[in-house]
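The values are calculated or read from the model by the stated rules, or taken from the named source; none is laboratory data. Note that the structure is predicted; figures quoted are calculated from it, not measured. With ideal geometry, Cβ positions are generated from the backbone for all residues, glycine too; neighbour counts draw on all protein chains shown.
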Amino acid sequence: MAVPQVVIVGRPNVGKSSLFNWLAGMRLAVVDDVAGVTRDRLTHLISDGDRFFELIDTGGIGIDDVDNLTREIENQIATALEIADLVLLVVDTRDGLTPLDEEVARRLRYVDKPVICVANKADDAKLDPQADEFYRLGRGKLIRVSAHQNRNRRELLDLIQQRLPPESQNDEKPPETTMKVAMVGRRNVGKSTLVNALARGERMIVSEVPGTTRDSVDVRFELDDQIFTAIDTPGLRRTKAVKTNVEFYSTRRAQRSIRRADVVLMFFAGNDPISKVDKQLCKYISENYKPCIFVVNKWDLMVGRMPTDRWVRYLRESFQTMWHVPIAFITAQTGKNVKAMMNHAQMLFKQSRDRVSTGQLNRLVGAALERHEPPIFRGRRPKIYYATQVGSQPPTIVLMCNYPQAFSPTYRRYLLGVFRDQLRFGEVPIKLYLHARSRDDTRDEIVSSPPSEVDSTPT
């Protein structure tokens, strides 16, 4: 089970970013009286007792952005709500209920996730009765807090814990669900050809969700007595060429298909160079920590013209942060190497769901530290006390340490390389957090060390 996602939403200037910083215990989001400061999704790993969850800050709903980024902000909010396990609807106690608050609540009625209504800026108990009118929104449990006055933080965290998925689910065997494989890439690289070949070849189309030529289409098929879902996505063009609403929403559907997928097949045409669109898609796949296979299609056209190792070097040089991604050379039209590629996709799916014991992780980290100590930081050697895997799909590893900021990107890459080499995560993305030990963490295996104000940063 992935680490639970807690998403903060609300109209502009209700204190969402202040709440985000308050719960995180450090200033991460920019806080300003000017509406619309927050645009992108901000994510931070929260440790509360033995539970972990990712807190996500979003832009204000209903704002007209001064830089004409309203659509992009709304997209970020929609994406956050799709992946949320719990939603914090933030309102302003001092301002009271506004029409825009009601609009935000109406949008959340279509979100099938638990909701907590957080009445922020209740700086004093005398203001609590003013929050009663937010019951009219009819959205979740109401709690009164003040990020500015540090009021009811513990109560809010307890309520979040109650509304999160049961922790016991993390230790259950992953359900035997159908693997979903998204086919993404530019236009005319052979995505639909592969889907049709898989469906026709096995003659086992169970169901097909119809859509327009610009929609994503789900096709179920059978291979070696196992059922899979292939998600055929619209072919994309470079951003500047996306001029119509239809094309815009095609891009959105393709991105949503990537998020839905268990494994992504990123298509390239063997007879075409890598484009800016390819790089944008790979960036999106990487940002969403999705297992991926680089699929070089139409390879029959290149036989005798270009050796495979040249294309391998070309891909590695073009996508240096995705060096772990396997590469398949196929001809979708004839089915050449298609079955081997699908078998490899199943291996990636299994890797992404795998879990490693805390003991094994700690032994591995200890050996890594012995081979290569982290560099001195401000006159002292940073320490890692212990490691634990807190989620899967993607594998999510937390390293408890004294100074997270002391571990350079180079050293983090070293640790990721160790995990890939020594664990069963060799070809899938790993989400790595370095998290400061809390002041009240008294577990026996942790040695005494000065606490740090710095919390965690993902890699």
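Just to check your reading of the model, which residue among D132, D95 is of a type outside the set (K, R) and assigned to a loop (DSSP other than H, G, I, E, B)?
So the residue among D132, D95 that is of a type outside the set (K, R) and assigned to a loop (DSSP other than H, G, I, E, B) is D95.
Kindly indicate which of A199, A147 is at pLDDT 85 or above, small (G, A, S) and either surrounded by 20 or more Cβ atoms within 10 Å (Cβ to Cβ) or assigned by TED's automatic domain parsing to the domain that holds T334 (or both).
Exactly one residue qualifies, and that residue is A147.
Taking the range 101-129 as the region of interest, how many residues are among the hydrophobic types (A, V, I, L, M, F, W, C), outside any loop (DSSP other than H, G, I, E, B) and buried (at least 18 other Cβ atoms within 10 Å of the Cβ)?
Qualifying residue count, the range 101-129: 8.
Say whether the condition of being over 23 Å from I160 (Cβ atoms), modelled with pLDDT of 90 or more and acidic (D, E) is met by at least one residue in the range 88-102.
Among the residues of the range 88-102, at least one is over 23 Å from I160 (Cβ atoms), modelled with pLDDT of 90 or more and acidic (D, E), which makes the answer yes.
Table: residues versus (1) of a type in the set (V, I, T); (2) assigned by TED's automatic domain parsing to the domain that holds R153; (3) modelled with pLDDT under 60; (4) at positive phi.
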site: G36; (1), (2), (3), (4): no, yes, yes, yes
site: L45; (1), (2), (3), (4): no, yes, no, no
site: I63; (1), (2), (3), (4): yes, yes, yes, no
site: R71; (1), (2), (3), (4): no, yes, no, no
site: E74; (1), (2), (3), (4): no, yes, no, no
site: T79; (1), (2), (3), (4): yes, yes, no, no
site: L86; (1), (2), (3), (4): no, yes, no, no
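Of all residues in the range 100-126, how many are within 25 Å of H148 (Cβ to Cβ), free of Cβ contacts under 8 Å to residues at least 40 places away in the same chain and not acidic (D, E)?
7
What about P404, is it farther than 30 Å from T193 by Cα, surrounded by 15 or more Cβ atoms within 10 Å (Cβ to Cβ) and either basic (K, R) or not assigned by TED's automatic domain parsing to the domain that holds Q226 (or both)?
Judged against the criteria, P404 is a match.
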